[in-house]
Amino acid sequence: MATKSKGKKKAPIKAPGRKPAPRKGRFSIEGKRANGKNAGHDLQHEVEQLLYRQAELLDSQQWQDWIDLFAEDGVYWMPPERSHKTWEGMPAIFAEDRNLMTVRMKRVLHPDAWSQRPLWGTNHVVSNVQILKDAKDELQVRSRFHMMELRRDDVRHFAGSYTHHFRKTKDGYRIKLQRVDMTNAQAAYDYVLQVWV
């Protein structure tokens, strides 16, 4: 009578193949960076809350608190098209340091600011938040936004991407540079943007 072999079972043969290497500075499916470090869910959450707070300050028209999110040398920049690499010597929809932001805020809050007299308000949605760079004292973050603006009976929509460069300070992260690439930046509008997108 034949007896069963008591030898060890052979492991099934796997088809040859290699896992694609994750791109440098990005997250793999397993939630790790290309260098093997954990993605950091706490950091992701902190960054998202920063962006949500910035949007909330705009929609609630808390202009000074919004400006205070920027570093002393921080810049808010909206180029007319994505190919632009600098605002120096180039046209820009916005290219403002904190001094110019304060000038804009005071103009908007002036009692004779005609653009603010009719019913006016905005609503932001921020999503698709990705940490592109996590250095010792600096973060680079990209996200998507959609803003609805109401002025009397006129409704306008703006959408695109943010790229934030955050600097770590003793008071938390501050914005060193916020770049706004608006998808419909070249569209025709009846009146110009009065405040930041």
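Take Y76 and tell me if it is surrounded by 17 or more Cβ atoms within 10 Å (Cβ to Cβ), closer than 13 Å to H164 by Cβ and either among the charged types (D, E, K, R) or in contact with a strand residue (DSSP E or B) (Cβ under 9 Å, 6 or more places away or on another chain) (or both). Here the answer is yes, as Y76 does meet what is asked. Among the residues of the range 119-137, those that are in a strand (DSSP E or B) and over 14 Å from A55 (Cβ atoms) comprise W120, Q130, I131, L132, K133, D134. Just to be sure, is R104 surrounded by 17 or more Cβ atoms within 10 Å (Cβ to Cβ), at pLDDT below 95, over 23 Å from D171 (Cβ atoms) and of a type outside the set (A, V, I, L, M, F, W, C)? In short, yes. Pairs meeting the criteria (first residue in the range 122-140 and surrounded by fewer than 17 Cβ atoms within 10 Å (Cβ to Cβ), second residue in a strand (DSSP E or B) and hydroxyl-bearing (S, T, Y), beta carbons under 6 Å, at least 6 apart or on different chains) are N128/S143.
Considering the range 152-165 alone, what residues qualify as being surrounded by 14 or more Cβ atoms within 10 Å (Cβ to Cβ) and without any contact (Cβ under 8 Å) to a residue 40 or more places away in the chain?
If we filter the range 152-165 for residues that are surrounded by 14 or more Cβ atoms within 10 Å (Cβ to Cβ), which is where we start, we get 156, 158-165.
R156, F158, A159, G160, S161, T163, H165 - these are the residues of the range 152-165 that are surrounded by 14 or more Cβ atoms within 10 Å (Cβ to Cβ) and without any contact (Cβ under 8 Å) to a residue 40 or more places away in the chain.
Looking at the structure I just gave you, is I93 surrounded by 14 or more Cβ atoms within 10 Å (Cβ to Cβ) and modelled with pLDDT under 95? For I93, the condition - surrounded by 14 or more Cβ atoms within 10 Å (Cβ to Cβ) and modelled with pLDDT under 95 - is met. Picking from residues in the range 138-180 that are of a type in the set (D, E) and in a strand (DSSP E or B), the one that is nearest to the chain's Cα centre (by Cα) is E138.
The values are calculated or read from the model by the stated rules, or taken from the named source; none is laboratory data. Because the structure is a prediction, the values reported are computed rather than measured. Neighbour counts are summed over all protein chains in view; Cβ atoms, including those assigned to glycine, are modelled from backbone coordinates with ideal geometry.
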